[in-house]
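Derivation of every value follows stated rules applied to the coordinates shown; laboratory data play no part. Predicted model, so just to flag it, every value in this text is computed and none were measured. Reconstructed Cβ throughout: ideal geometry from the backbone, glycine too, with neighbour counts over all protein chains shown.
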């Protein structure tokens, strides 16, 4: 497309019951990435298709490289409840992109409003674009690490294992202990709890 600063943008954490939604934007030096496609980044793909170990390895390669620019944006649970998850996701993506000033962006999934540059959305783009793949890894690993930190604060919920998703363990913990401040109160089944009796202050 002839753009010098082409960003890939992706998010992690739209569906969980707790924790922030996190987005990442990644710009590669075009000369560098062409030379490294078959070596340093040969296994770069959709983060969901990678093992945790490989995601962490690539997270390190991406963040330590002098040839990548990375922006990260996040929106916490309270704001998700106030503006809804779609708007929160778009806001996180805009925050991530604004940190690295791309001229054009490729975005995973459906069109996104409010980005600081023109963009093109690509369904399943995290498996088709190396820039989006990189962004998916940055977003996923960043969010997973935040949920591990949340697990240390609220160990009874098992956040380190399920990362806030609605597993049976998580649902059982919600029934026993109620919702934490990190839970999305507008998401079922959190919304179905009696918050006056069960909310952790």
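Cβ crowding within 10 Å, taken as a proxy for footprinting-reagent exposure, orders 136, 121, 131, 42 from fewest neighbours to most as 42, 121, 131, 136.
If you model the chain as an ellipsoid using its alpha carbon gyration tensor, with each semi-axis the square root of five times an eigenvalue, the axes come out at 33, 18, 12 Å, biggest first. Can you give the calculated 222 nm mean residue ellipticity of the chain, where each DSSP H run of n ≥ 4 adds -39,500 (n - 2.57) and the sum is split over every residue, rounded to the nearest 500 deg cm²/dmol? Rounded to the nearest 500, it is -12500 deg cm²/dmol. For the chain, the longest principal axis of the C-alpha atoms and the axis of helix 168-177 are separated by about 50°.
Once the chain from residue 63 to residue 76 is taken as fully extended at 0.36 nm per residue, the excess over their C-alpha distance is 2.4 nm. Please determine, in degrees from 0 to 90 and to the nearest 10, the orientation of helix 130-153 with respect to the longest principal axis defined by the Cα atoms of the chain, where the helix direction is its Cα long axis. Roughly 30 degrees, rounded to the nearest 10. With both residues required to sit in the chain, DSSP beta bridges show an antiparallel share near 60%. Axis angle, to the nearest 10 degrees, between helix 85-98 and the longest C-alpha principal axis of the chain: 40 degrees. A Gaussian network model of the chain, with springs between Cα atoms under 10 Å, assigns the largest mean-square fluctuation among 167, 180, 51 to 51.
Summarising the label geometry, the points placed 7 Å from Cα in the beta-carbon direction at residue 5 and residue 161 lie 4.4 nm from one another.
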